[in-house]
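Here the structure comes first, spelled out in structure tokens, and everything after it is commentary.
The values are calculated or read from the model by the stated rules, or taken from the named source; none is laboratory data. None of the values given here were measured: they were computed from a predicted structure. For neighbour counting, all protein chains shown are included, and Cβ atoms are generated from backbone atoms with ideal geometry for every residue, glycine included.
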Amino acid sequence: MSTKSVSRRGFLKASAAALAAPSIVTAPALGQGAIPPASERLALGFVGVGWRGNDLVKSFLALPQAQCVAVSDAFTSRRRSTAAAIDAYYAARSESASYRGSAMHADFRDLLERADIDAVVVATPDHWHVPVALYAVRAGKDVYVEKPLGVSVAWGQLLRGELERSGAVFQFGTQQRSDERFRQACELARGGQLGTLERIEVWAPGMRAPGHYESLYRDGGSTEAIPVPEDLDYEMWLGPAPKSPYTKDRCTHEGANHVYDNSLGYIAGWGVHPLDIALWGHDAAGTAPVEYEGTGVLPAQGLYNTVAEWDVRCRFAGGVALHFMDTRTARPVVEAYRPMNEHGTTFFGAEGWVSVDRSGIHASDPALLQAERAARLPASVNHSLNFLECIKSRAATVSPFSSAMQSYVISHLSDLAIRLGRRIAWNPQSERVEGDEEAQRLLDRPLRSPWRL
């Protein structure tokens, strides 16, 4: 049970009945019937309400047992537009044009100080994910954190310690765990229906994937310093990241995802999705691979300076191989056995394979997809619903912190193997790089003053 008070909202009951409640309920069970009174809803605050943050606001607005009460963002216009959208939604639902339900906070710490907020949804730029989550957990809040985990393995280790001490509920934004197709693929891999698992292939878009992504690599992003717009608190946007000149591309969605001060790039931002599924289906005691070796392409110029292409080969302690690629690298590999999609995860066993992405699921033998599954994993019909129900029951979410940490470790060590140009050996027990102090040091990042963890 969390150390925070669970009675102040009149919603979380510290009774045997509440603790025994199922960790997952169906969408109809939560989504139908009368809207609960405000005193019985879980109050949510949102830190970061840009493109992805607004998607999450919409997902929680649709759930009658949630109440979206506050937003925070470094952009004034984003705070205003999101708060107005929340108010308009509740006004229409309550048939009261005067309803005002969402407060705006320029500083997320003011949002966290509110005693009426039960949980915080974090959808900031990557370099803020762990710091905001840490502050939130210390303030007694449960947290939903968008992927990837951040920019530092060491920061993640600190967050894990806070979660363990507080008992806070954590949901990671790897929504594929709430999709039946991904669960089916993982259950087939875990249940032995592919024979002994031998290798896993994982791929995701890099900065040179066809279409929109490729333009990022070609254009590079502007490095010309320009005045900061009045709409933006740039100091707050940067936060613990290094001080850097403002440019027209830096604080955009693409800048936040492809500038190394703020992100590892899509090797983490996209890569953690299929990597998370690889870990879910592998069942290797929830640990990352122990060896990493590979190559990659870094942009030669421009603002965007994260790995644009990668081809990394990893090995788990039990001998299972993991091949982690960007979409361009993966295309000829994947097309040899199934139609290509820009991202996906394939499990290869001694007796067959199963491959899954958001467009569908494929198998070496279609009969595998009709077979009764020997293994069963936690089922979630909706990621946001799962988070709310686990807040009530205090059960683990379908995407707990352990999965967030391990998928991020793979991304970070893959990035280091490319940047350092050498093999990386990882000890999953001590969570340290073996025999390479430079690589170990790069798993941490200093924070710009006055920010501390």
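From the list G344, G302, G349, which residue is of a type outside the set (D, E), more than 26 Å from the chain's Cα centre (by Cα) and closer than 28 Å to A256 by Cβ?
Every option except G302 fails the conditions.
What is the one condition in (1) in contact with a Ser or Thr (Cβ under 6 Å, 6 or more places away or on another chain); (2) within 30 Å of Q370 (Cβ to Cβ) that R190 does not satisfy?
(1)
Every residue in segment 59-88 that is touching a strand residue (DSSP E or B) at 6+ places or on another chain (Cβ under 8 Å), more than 26 Å from A256 (Cα to Cα) and not aliphatic (A, V, I, L, M), please.
Q65, Q67
How do the pairs read when you match residues in segment 230-255 that are over 14 Å from R78 (Cβ atoms) with residues anywhere that are acidic (D, E), using Cβ under 7 Å and keeping only pairs 6 or more apart or on different chains?
A241/D261; P242/D261; S244/D261; T247/E224; G255/D249
Show me the strands (runs of 3 or more DSSP E) found entirely inside segment 338-409 where at least 3 residues are without any contact (Cβ under 8 Å) to a residue 24 or more places away in the chain, of a type in the set (A, V, I, L, M, F, W, C) and within 25 Å of Q171 (Cα to Cα).
Passing ranges: none, list empty.
Would you confirm whether any residue within segment 172-184 is of a type in the set (V, I, T) and either outside any loop (DSSP other than H, G, I, E, B) or in contact with a helix residue (DSSP H, G or I) (Cβ under 7 Å, 6 or more places away or on another chain) (or both)?
As a first pass, look at segment 172-184 and keep what is of a type in the set (V, I, T): 174.
From what is left, the residues that are either outside any loop (DSSP other than H, G, I, E, B) or in contact with a helix residue (DSSP H, G or I) (Cβ under 7 Å, 6 or more places away or on another chain) (or both) are 174.
Yes.
Report yes if S215 is more than 20 Å from the chain's Cα centre (by Cα) and not assigned by TED's automatic domain parsing to the domain that holds F324, otherwise no.
no
Would you point out the residue of segment 352-368, among those that are within 15 Å of N341 (Cβ to Cβ) and not hydrophobic (A, V, I, L, M, F, W, C), that is farthest from the chain's Cα centre (by Cα)?
My answer is H362.
So which of L442, L385 ends up being touching a Leu at 6+ places or on another chain (Cβ under 8 Å), surrounded by 21 or more Cβ atoms within 10 Å (Cβ to Cβ) and aliphatic (A, V, I, L, M)?
Testing whether each residue is touching a Leu at 6+ places or on another chain (Cβ under 8 Å), surrounded by 21 or more Cβ atoms within 10 Å (Cβ to Cβ) and aliphatic (A, V, I, L, M) leaves just L385.
To keep it simple, each residue is scored yes or no on (1) more than 25 Å from the chain's Cα centre (by Cα); (2) of a type in the set (S, T, N, Q); (3) buried (at least 20 other Cβ atoms within 10 Å of the Cβ); (4) modelled with pLDDT under 50.
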| position | (1), (2), (3), (4) |
| --- | --- |
| F11 | yes, no, no, yes |
| S15 | yes, yes, no, yes |
| D55 | no, no, no, no |
| C68 | no, no, yes, no |
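(1) in contact (Cβ under 8 Å) with a residue 60 or more places away in the chain; (2) surrounded by fewer than 24 Cβ atoms within 10 Å (Cβ to Cβ): which one isn't true of G206, the others all being true?
(2)
Sort out which residues of segment 410-439 are part of a helix (DSSP H, G or I), touching a Leu at 6+ places or on another chain (Cβ under 7 Å) and either of a type in the set (A, V, I, L, M) or at pLDDT below 95 (or both), and write them in order of number.
I410, L416, A439
If you scan segment 286-303, which residues turn out to be crowded, with 19+ Cβ neighbours inside 10 Å, under 16 Å from G271 (Cβ atoms) and not aliphatic (A, V, I, L, M)?
Within segment 286-303, P289, Y292, G294, G296 qualify.
With the structure loaded, tell me whether H412 is in contact with a strand residue (DSSP E or B) (Cβ under 8 Å, 6 or more places away or on another chain) and of a type outside the set (A, V, I, L, M, F, W, C) or whether it fails that test. First the steps, then the outcome.
Details: in contact with a strand residue (DSSP E or B) (Cβ under 8 Å, 6 or more places away or on another chain): no; of a type outside the set (A, V, I, L, M, F, W, C): yes.
No, not satisfied.
Can you tell me which residue among G150, G156 is of a type outside the set (D, E, K, R), touching a residue at least 12 places away in the same chain (Cβ under 8 Å), part of a loop (DSSP other than H, G, I, E, B) and under 22 Å from G265 (Cβ atoms)? Before you say what the answer is, go through the steps one by one.
Values: G156 fails: part of a loop (DSSP other than H, G, I, E, B).
Just one listed residue meets the conditions, G150.
Do you know which residues across segment 291-301 are modelled with pLDDT under 95 and small (G, A, S)?
A300
Just one of H273, H282, H258 is assigned by TED's automatic domain parsing to the domain that holds F347, touching a Cys at 6+ places or on another chain (Cβ under 9 Å) and under 29 Å from C314 (Cα atoms); which is it?
None of the other options fit; the residue is H282.
Hey, among the residues in segment 316-358 that are aliphatic (A, V, I, L, M) and within 23 Å of L413 (Cα to Cα), which one's modelled with the lowest pLDDT?
Per the criteria, the residue is A317.
Can we say A396 is outside the structural domain of W128 (by TED's automatic domain parsing), surrounded by fewer than 19 Cβ atoms within 10 Å (Cβ to Cβ) and in contact with a Ser or Thr (Cβ under 9 Å, 6 or more places away or on another chain)?
Here the answer is yes, as A396 does meet what is asked.
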